[in-house]
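> Here you go, one structure.
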Amino acid sequence: RQLPASFLTLETSGETETGQLADDIAMILKAGDVVCLSGDLGAGKSTFARALIRTFAADVGLEVPSPTFTLVQTYEFPRFDLSHFDLYRLEEPEELEELGLEDLLETGAALIEWPERAESLLPRDALWIQIVQPDEETDNRRFVFHSENPDWQQRIEQTLGVRDFLEN
Ligand code: ADP
């Protein structure tokens, strides 16, 4: 399946700015949301996901432990839970069902790396963020946002109001 057309492209100039972008997305996240992070190895999927989880943790004075998970790790927060999926090692899409995504979405949101592995089983209103490293030598990362649900565009434009990430 092809992704719907992108509605926004931003560029961050380093890990710190990627953290700020993750902070902004954390602000608008709701229980039930699915955020798919796609991109090559080293693009910055984990960096973004962990920054977002750290934002939730910092709000309540916690630190995020190092990930010990293979496919999914759920972090419990007062706001709601965050489940961090890495589907790289998924053998077939159906295995996602065993990981309990549906139940997790009742009490929290999901951040999913390598979502292509189970694309057919992911909710259609998910937010997809494609992360691209434009060339090998750079700390710039391009974030390309897609979704079939127009609500995401509204929410993201709201939260990005005061930032000046490079838009292109
Ligand atoms: P992935 O999960 O996509 O394989 P990682 O997040 O593990 O990628 O690795 C991304 C690497 O790129 C990290 O070493 C990070 O420090 C570095 N990096 C450099 N610039 C950026 C940026 N703008 N945003 C995110 N990561 C960056």
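The values are calculated or read from the model by the stated rules, or taken from the named source; none is laboratory data. Quick caveat: nothing in here was measured; it's all calculated off a predicted structure. So basically every Cβ, Gly included, is an ideal-geometry build from the backbone, and we count neighbours across all protein chains shown.
> Which of the residues that make up the range 1-57 are more than 21 Å from Phe80 (Cα to Cα), among the β-branched types (Val, Ile, Thr) and touching a strand residue (DSSP E or B) at 6+ places or on another chain (Cβ under 7 Å)?
The answer is Thr9, Thr12, Thr18.
> Still on this structure, please answer the following. Under the condition of being farther than 16 Å from Phe48 by Cβ and more than 16 Å from the chain's Cα centre (by Cα), which residue from the range 135-147 is nearest to the ligand (Cβ to nearest atom)?
Thr138
> Residue check, Lys30 against (1) under 21 Å from Pro123 (Cα atoms); (2) surrounded by 14 or more Cβ atoms within 10 Å (Cβ to Cβ); (3) away from the ligand (no atom under 13 Å from the Cβ); (4) in contact (Cβ under 8 Å) with a residue 24 or more places away in the chain, all met but one. Which one?
Condition (2) is where Lys30 drops out.
> I'd like to check which strands (runs of 3 or more DSSP E) are fully inside the range 1-104 and have at least 1 residues that are touching a Leu at 6+ places or on another chain (Cβ under 8 Å) and within 18 Å of Gln133 (Cβ to Cβ). Break it down into steps so the answer makes sense when it comes.
Numbers: elements: 6-12, 34-38, 72-75, 81-86.
Of the strands (runs of 3 or more DSSP E) lying wholly inside the range 1-104, those with at least 1 residues that are touching a Leu at 6+ places or on another chain (Cβ under 8 Å) and within 18 Å of Gln133 (Cβ to Cβ) span 6-12, 34-38.
> Find the residue count for the range 112-168, including only residues that are touching a helix residue (DSSP H, G or I) at 6+ places or on another chain (Cβ under 6 Å), part of a helix (DSSP H, G or I) and not small (Gly, Ala, Ser).
Of the residues in that region, 4 qualify.
> Moving on to the next point. Tell me which of these Tyr88 doesn't satisfy, since it passes every other one: (1) surrounded by 14 or more Cβ atoms within 10 Å (Cβ to Cβ); (2) over 13 Å from the mean Cα position of the chain (by Cα); (3) of a type in the set (Ser, Thr, Tyr).
Every condition holds for Tyr88 apart from (1).
> Restricting the search to the range 135-145, which residues are in contact (Cβ under 8 Å) with a residue 24 or more places away in the chain and more than 17 Å from Lys30 (Cβ to Cβ)? So that I can check it myself, show each step before the final result.
First pass over the range 135-145, keeping only residues in contact (Cβ under 8 Å) with a residue 24 or more places away in the chain: 139-145.
Result: Asp139, Asn140, Arg141, Arg142, Phe143, Val144.
> Answer yes or no as to whether Thr68 is of a type in the set (Ser, Thr, Tyr), at pLDDT 95 or above, more than 11 Å from the chain's Cα centre (by Cα) and under 29 Å from Asn140 (Cα atoms). I'd like the intermediate steps shown before the answer.
Values: of a type in the set (Ser, Thr, Tyr): yes; at pLDDT 95 or above: no; more than 11 Å from the chain's Cα centre (by Cα): yes; under 29 Å from Asn140 (Cα atoms): yes.
No.
> Would you point out which residue out of Ser6, Ser83, Ser38 is within 13 Å of the ligand (Cβ to nearest atom) and touching a residue at least 12 places away in the same chain (Cβ under 8 Å)?
Numbers: Ser6 fails: within 13 Å of the ligand (Cβ to nearest atom); Ser83 fails: within 13 Å of the ligand (Cβ to nearest atom).
It is Ser38.
> Out of all the residues in the range 93-115, which are touching a residue at least 60 places away in the same chain (Cβ under 8 Å) and surrounded by fewer than 15 Cβ atoms within 10 Å (Cβ to Cβ)?
If the condition is that a residue be touching a residue at least 60 places away in the same chain (Cβ under 8 Å) and surrounded by fewer than 15 Cβ atoms within 10 Å (Cβ to Cβ), then Glu106, Thr107 are the ones that fit.
> Further, regarding this structure: Among (1) within 13 Å of the ligand (Cβ to nearest atom); (2) surrounded by 21 or more Cβ atoms within 10 Å (Cβ to Cβ); (3) under 13 Å from the mean Cα position of the chain (by Cα); (4) of a type outside the set (Asp, Glu), there is one condition Arg50 misses while meeting the rest; what is its number?
With (1) within 13 Å of the ligand (Cβ to nearest atom); (2) surrounded by 21 or more Cβ atoms within 10 Å (Cβ to Cβ); (3) under 13 Å from the mean Cα position of the chain (by Cα); (4) of a type outside the set (Asp, Glu) applied to Arg50, the lone miss is (2).
> Going through the range 116-166 one residue at a time, which ones are crowded, with 16+ Cβ neighbours inside 10 Å and among the β-branched types (Val, Ile, Thr)?
Correct list: Ile129, Ile131, Val132, Val144, Ile156, Thr159.
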